[in-house]
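The values are calculated or read from the model by the stated rules, or taken from the named source; none is laboratory data. Quick caveat, the model's predicted, so the values are computed rather than measured. Every residue, glycine among them, receives a Cβ derived from its backbone with ideal geometry; neighbour counts consider all protein chains shown.
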Amino acid sequence: MSDAAVADRKASRAEVLEHAEVIRGLAVELGLSKPRVRDDGAVVVHSDEPGYRSATRLSTAASRVVGAYVHVITDDVPGAASALEL
């Protein structure tokens, strides 16, 4: 699949969970911790780095694995609290 972009179809929670092990591994490689998933399929991670560079990299890598856009946010934003363990 070509690179998924924001305009592509967003991955569902079920699609993200199908690839949870790989996404968890990608998060660790990028220095992110506590990966979780919301009901809408968004992945929530913790980052000790300022900004969203690592989260954006995880989104790109996870989107390639899943085959649809995987939205990734950090746990310091509104809406992150509803996420469950990935």
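Looking at the range 34-61, which of its residues are aliphatic (A, V, I, L, M) and closer than 13 Å to R13 by Cα?
Those that are aliphatic (A, V, I, L, M) and closer than 13 Å to R13 by Cα: V37, A42, V43, V44.
I need a count of the residues in the range 31-49 that are of a type in the set (A, V, I, L, M, F, W, C) and either assigned to a loop (DSSP other than H, G, I, E, B) or without any contact (Cβ under 8 Å) to a residue 40 or more places away in the chain (or both).
Summing the residues that are of a type in the set (A, V, I, L, M, F, W, C) and either assigned to a loop (DSSP other than H, G, I, E, B) or without any contact (Cβ under 8 Å) to a residue 40 or more places away in the chain (or both) in the range 31-49 gives 4.
This table checks each residue for (1) at pLDDT below 95; (2) in contact with a His (Cβ under 6 Å, 6 or more places away or on another chain); (3) surrounded by 12 or more Cβ atoms within 10 Å (Cβ to Cβ); (4) not aliphatic (A, V, I, L, M).
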{"residue": "A7", "(1), (2), (3), (4)": "yes, no, no, no"}
{"residue": "R64", "(1), (2), (3), (4)": "no, no, yes, yes"}
{"residue": "A80", "(1), (2), (3), (4)": "yes, no, yes, no"}
{"residue": "L84", "(1), (2), (3), (4)": "yes, no, no, no"}
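Touching a helix residue (DSSP H, G or I) at 6+ places or on another chain (Cβ under 6 Å) and modelled with pLDDT of 95 or more: is that true of E21 in this structure?
When the stated conditions are applied, E21 does not pass them.
Return the residues of the range 50-75 that are outside any strand (DSSP E or B), in contact (Cβ under 8 Å) with a residue 24 or more places away in the chain and over 16 Å from V22 (Cβ atoms); say none if nothing qualifies.
Within the range 50-75, S54, H71, D75 meet the criteria.
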